[in-house]
1. Please give me the summed charge of the neighbours of Leu73: other residues whose Cβ is under 11 Å from its Cβ, Lys and Arg +1, Asp and Glu -1.
2. How big, on average over all directions, is the shadow cast by the Cα convex hull of region 16-99, in nm²?
3. At a temperature of 20 °C and a viscosity of 1.002 mPa s, determine how fast region 4-63 diffuses translationally according to Stokes-Einstein, using the Kirkwood radius over alpha-carbon pairs as Rh; express D in µm²/s, rounded to the nearest whole number.
4. Return the sequence-ordered ³J(HN,Hα) values of region 31-44 in whole Hz as given by the Karplus equation 6.51 cos²θ - 1.76 cosθ + 1.60 applied to θ = phi - 60°, using x for Gly and Pro.
5. Going 7 Å from the Cα of Ile65 in the Cα-to-Cβ direction, what parts of region 76-90 have a backbone nitrogen less than 19 Å from that spot?
6. Please give me the summed charge of the neighbours of Tyr57: other residues whose Cβ is under 13 Å from its Cβ, Lys and Arg +1, Asp and Glu -1.
7. Taking H placed 1.01 Å from N in the peptide plane, check which residues at least 5 places from Ile65 or on another chain put their amide H under 5 Å from its amide H.
8. Can you work out ³J(HN,Hα) from phi for every residue in region 49-59, in order, using Karplus 6.51 cos²θ - 1.76 cosθ + 1.60 and θ = phi - 60°, giving whole Hz and x for Gly and Pro?
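Read-outs throughout are calculated quantities, based only on the coordinates presented, and are distinct from any laboratory measurement. Predicted model, so just to flag it, every value in this text is computed and none were measured. Please note: Cβ atoms are built from the backbone with ideal geometry, for glycine as well, and neighbour counts cover all protein chains shown.
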Amino acid sequence: MKQTLFVKYVIPFMQWYALMIFLAIVIDYFLHRFHLLSIGRSLGYIGTFFIIFSFIYSLRKRKIIESGSPKKLLLMHEYCMDWLNHVACSCRCSLQCNITLVGYFHVIDCSCQRFGWQIFVATGN
């Protein structure tokens, strides 16, 4: 039986996105809870490294480098580097602004409900 476009692409994307938000909230909570703000501030450097490292796929696609499988590099680019970059940068931004991500996502949830949009946000409130 052939899978629909929604089942094949949209549901896995939503699961990855929800996992990214959950992981960012958990990391941010532990960094605030155990006062590890100096470690959290270094997440900006880690996120930048992930961005630079994910350019390997682009270099291979443009045939600037010849090593590596394009399929494996694309998977690494999408799921490892960019996904981890977003988690690291989300935690870094919350520490820079001195807010917890739970509060940040609660503000997004309230503003979306104000306009009548229904979204799921894990806030704990």
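1. +3
2. 5.8 nm²
3. 150 µm²/s
4. Rounded to whole hertz, the list is 5, 6, 5, 9, 6, 9, 5, 5, 5, x, 5, 7, 5, x.
5. Residues passing the 19 Å test: 76-85.
6. +4
7. It is Arg60, by chain and number.
8. 4, 5, 5, 5, 5, 6, 6, 4, 4, 5, 5
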